[in-house]
Every structure is written in structure tokens, then in C-alpha cells.
1. Counting only residues 5 or more places away or on other chains, whose amide H sits under 5 Å from the amide H of residue 3 once H atoms are built in the peptide plane?
2. How much accessible area per residue does the range 9-121 have, in Å², with a 1.4 Å probe?
3. As a test of reading the structure, rank 40, 19 by solvent-accessible area (1.4 Å probe, protein chains only), most first.
4. What percentage of all Cα-Cα pairs in the chain are separated by more than 16 Å?
5. Of all accessible surface on the range 1-111 at a 1.4 Å probe, what whole percent is carbon and sulfur?
6. With runs of 4+ DSSP H residues as the only contributors, calculate the mean residue ellipticity of the chain at 222 nm using -39,500 (n - 2.57) per run, divided by the residue total and rounded to the nearest 500.
7. Could you compute how much accessible surface residue 23 exposes when probed at 1.4 Å, giving the result in Å² to the nearest 10?
8. Compare the peptides 44-52, 4-12 by average per-residue count of other Cβ atoms within 10 angstrom and give them in order, highest first.
Amino acid sequence: TQTRVLEAATDLDGTWVPSTPVIAVHTTPDQLHAVAAVLSAPPVSAWAAANYAGVALAPDAIKLSARQVLDVPLPPDRRRWEEAATVLRDGDLVGAGALMTAAYGADEAVFEWWSGRLPNQ
């Protein structure tokens, strides 16, 4: 929480201990990367920024509560979503972001906004 885009990490072994300000989302192992793809999606960061702007410590940061994570919209294009999950599993966040932008039917401007806000970019 409190980053310029939503960030997700997958704990495949289930050995990490989440702590503040992390929100832990639990799912079956075969769905971890699909969930991470949604939470990392450019349109989801844009949605969160539009709906919850001003609640983080920094004015350009996004902060969601655990309850708000449950309200994150899912993409209508399941095929691209699954492809993005595979790409993300292979370590390509930007490639997964491009696929998730398409999976949500968002335009290139959303992807550009998101990619410009990524850490170390």
C-alpha cells in the first residue's frame, strides 16, 4: 500500500510473513499469478487512484484497504488475463501490464500512465 501503482508479490511457498503495510490475499496456488495480474494491472491502479485518491500519506500514492481489494473489478477478457498471469509468472511485469490493459479493454494512455509510475523507471 501507499505506492504510485498497486504492487503485488507472490509467495509460492507460503513462507512469507506479511506485516504492515502489506495486505495479504490468499488463494489457491494455481491462481496466485492470476490474482497478482489483476492487482498489478494498469487499469486497476487507475481505478484505485480515481476512487481512493487522497487517502495515502503522499498525494500521488495509492492506498487500498483490505476491504477495498475485494471491490477490485475483474477483466472481461479471460484469455488475455490468463496470458498475463503466465507472463507475470515468468517475471515480465511490463508485458503482463500490457496484456492486462487489453484484458480490461483500456486504452494505451492507461498503460503509459501506469508504466511511467513504476518504481525504477
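1. 62
2. Working: 6700 Å² over 113 residues.
Averaged over the residues of the range 9-121, the accessible area is 59 Å².
3. Numbers: 40 10, 19 70 Å².
Accessible-area ranking of 40, 19, largest first: 19, 40.
4. Numbers: 4266 of 7260 pairs.
Tail of the P(r) past 16 Å holds 59 percent of the pairs.
5. Values: 3590 of 6440 Å².
Carbon plus sulfur share of accessible area: 56 percent.
6. Details: 6 runs with 57 residues, N = 121.
Value at 222 nm, helices only, nearest 500: -13500 deg cm²/dmol.
7. Result for residue 23: roughly 60 Å² accessible.
8. Output ranking for 44-52, 4-12: 44-52, 4-12.
The values are calculated or read from the model by the stated rules, or taken from the named source; none is laboratory data. If you're wondering where the values come from, they're calculated on a predicted model, not measured in any experiment. Cβ: placed from backbone, ideal geometry, glycine included. Neighbour counts: every protein chain shown. These area figures cover heavy atoms from the full protein model, side chains too; ligands, DNA and RNA do not enter into them. Shrake-Rupley method; radii C 1.70, N 1.55, O 1.52, S 1.80 Å.
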